[in-house]
Amino acid sequence: MFAPTASEEGTHSVGQPTGTRWRLVPDVALATVILAMFVLLTSGWFSADEVVMRQQATELVENRRWTAEANPVAGTLDPAHRFALLARSDRVEGQIAPYTKHPVAALGFATGRTLGDWGLYLPGLFSVLGSCVLLAWRFQWSRIAFWFPLLATTALFHLTVVWAHAPALFPATLVAVLVSDRDWPNPRRTGSLVAAVALVSLLRSEGLLLGAAVTGALLLGMSKADQTRRFVLASAPLLAAVAVYVLEPVVRSALFGSTSGVLNVPISGESSLVAGRFGVAQILFLEPSIGNALGQLRFVGALLLIGASIGLKTERLPKRQATLVAGVGALLYVVAVAGGPIPGLVIAMPLIFTALPWVRFGQEKRPLAAFGLFASAVLATSYDSAGGGDWGGRYLFIGVPMLLVAVIPVVHHLVVDVDVGPLLVAAAVAAGSIQVGVLLDILDRSGTVDVVDDVIASTRVIRAENAGVIVAVSDERLARFLYDRGLRGASFHVPEDEEDRFVEDVLAPNGGDVLWIDLPDRSERREGDVLISHGSVSMRTEVRR
């Protein structure tokens, strides 16, 4: 067993085994119902990134191939498909490959897609459920360990989005469990660790950073005894991640017929490596919400919960005062419950960070060191926006299991402590309000679909009345949403900085009316009268000849 025993001095013991795996059968059944409920309530997109994955999975299932024929009508006006409506897809010799970054992820979603739209969420559902079972096993079939990931993390959110965060959770949890193994080094378990890191890397670009962080953590405090063997075994996770990073472009070239073979570089953005890192750190860890004043209440609530925890741990706050402070923090979370997003990891996962001060680094140094190294690497290489429109520092999500394996033993120890128990209850209430916010977010996604459908309906009417009209969509996300809902014909995605080239290469040779579909910020600056508006989407016509 990997689980700690009561004989290990200084260890927060989970206690004696509480039963066999069969004890958790009712819990697994109930969790499956909860996960399925979140999936079935999902009625729209959260991210435009989902569109390319959905389209790729559909192409694999329906046509058994990776590439599809590009829009023939648009192709006559734009033979190079430079302005293809499905933005960020790859063009390969007159065809389009919707999603090429991680073929294994696309195959996983294609397997689910055979069951219909809801099947797209099955890889994530099984992965989240498997992670809970794995943590329960790690901690002697503990019910607390089983339910903790669902309450304390943003797993329920990632489950409802068609991207690879949820499918990567199970192998990432396996990595965390193996890293926390006190019997390491063990060649057989190192093989499992290598396989888990490789799978995470095949699903998420941050897998390379996780592999490096794991190797760094395993090398931490390495003694001189058998140093060569330990170094070789510790280096294996990094080598596995690097192998995936280098070989994946070769596989993509073979699958898609492309000769570019470009590496997947995780860093992107206009700022230098150093400039803007403070802003990225704010988004990844502390951003309470985007454009939502109630988010500031969550921020204060998180400070109160963590402050109460530190005060009680250091005995600077008596139990009564600490409980009161934590209760106010939880109340602020409840008052500020909303559909999100909440980018910051600390704000979105208050239960983990309330319990974290009680963890002893000496006994949990490897998983905590691995998370620290991983978070630092993500911070150094993240996009400037750092997933700012998402929940819980999503680029850090595959590192969260490292925190779970460190925190869960402490939670077992503290939950029965009469002095600390109320503090955890308050943090659990705050965490529950986050999950309610996820549910509200899911229920609200159909609103975006309705707006997009209205835009398409109006576009069809305008095209029927004006033969040959060309549709130009300036926002990348909106262009992908429109593509997913069936907008075809002479329709293009035209970035703002590419409009002159679009006019020169597409409009000038063909002439005709242009129907511009913009979001408000761009629409307000465009000349011409607003033809019609749908929600925050405006449509204008111009004559460009």
Per-residue ³J(HN,Hα) for the range 109-120, Karplus 6.51 cos²θ - 1.76 cosθ + 1.60, θ = phi - 60°, Hz, x for Gly and Pro
6, 5, 4, x, 4, 4, 9, x, 4, 5, x, 4
Once both axes come from the Cα atoms, what is the angle between helix 365-381 and the longest principal axis of the chain, in degrees from 0 to 90, rounded to 10?
20
Please name whichever of A195, A212, T20 sits farthest to the positive end of the charge dipole of the chain, dipole taken about the Cα centre and charges placed at Cβ: Lys and Arg +1, Asp and Glu -1.
T20
Could you work out the longest stretch of the chain that avoids the GluC sites (Glu not before Pro) located in DSSP loops with at most 16 other Cβ atoms within 10 Å?
316-523
Candidates per chymotrypsin sites (Phe, Trp or Tyr not before Pro) in the range 335-435, loop by DSSP, up to 14 other Cβ within 10 Å
F361
Please give the calculated 222 nm ellipticity per residue for the chain, where each DSSP H segment of at least 4 residues contributes -39500 (n - 2.57) and the sum is spread over every residue; nearest 500 deg cm²/dmol?
-17000 deg cm²/dmol
Name the residue from G339, F502, L404 whose Cα lies farthest towards the positive end of the charge dipole of the chain, charges +1 on Cβ of Lys and Arg and -1 on Cβ of Asp and Glu.
L404
What Kirkwood radius, in Å to one decimal, follows from the Cα pairs of the chain?
25.0
Expressed as a percent, the portion of alpha-carbon pairs in the range 334-493 spaced more than 22 Å apart is 60
Which angle between 0 and 90 degrees, to the nearest 10, do you get for helix 187-203 versus the longest principal axis of the chain when only C-alpha atoms count?
30
To the nearest 10 degrees, the tilt of helix 169-179 (Cα long axis) against the first principal axis of the alpha carbons of the chain is 30
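No lab work stands behind these numbers, since they all come straight from the coordinates. Just so we're clear, the structure is a prediction, and the values are computed from it rather than from any experiment. Quick reminder, even Gly has a Cβ in these numbers, built from the backbone with ideal geometry, and neighbours come from all protein chains shown.
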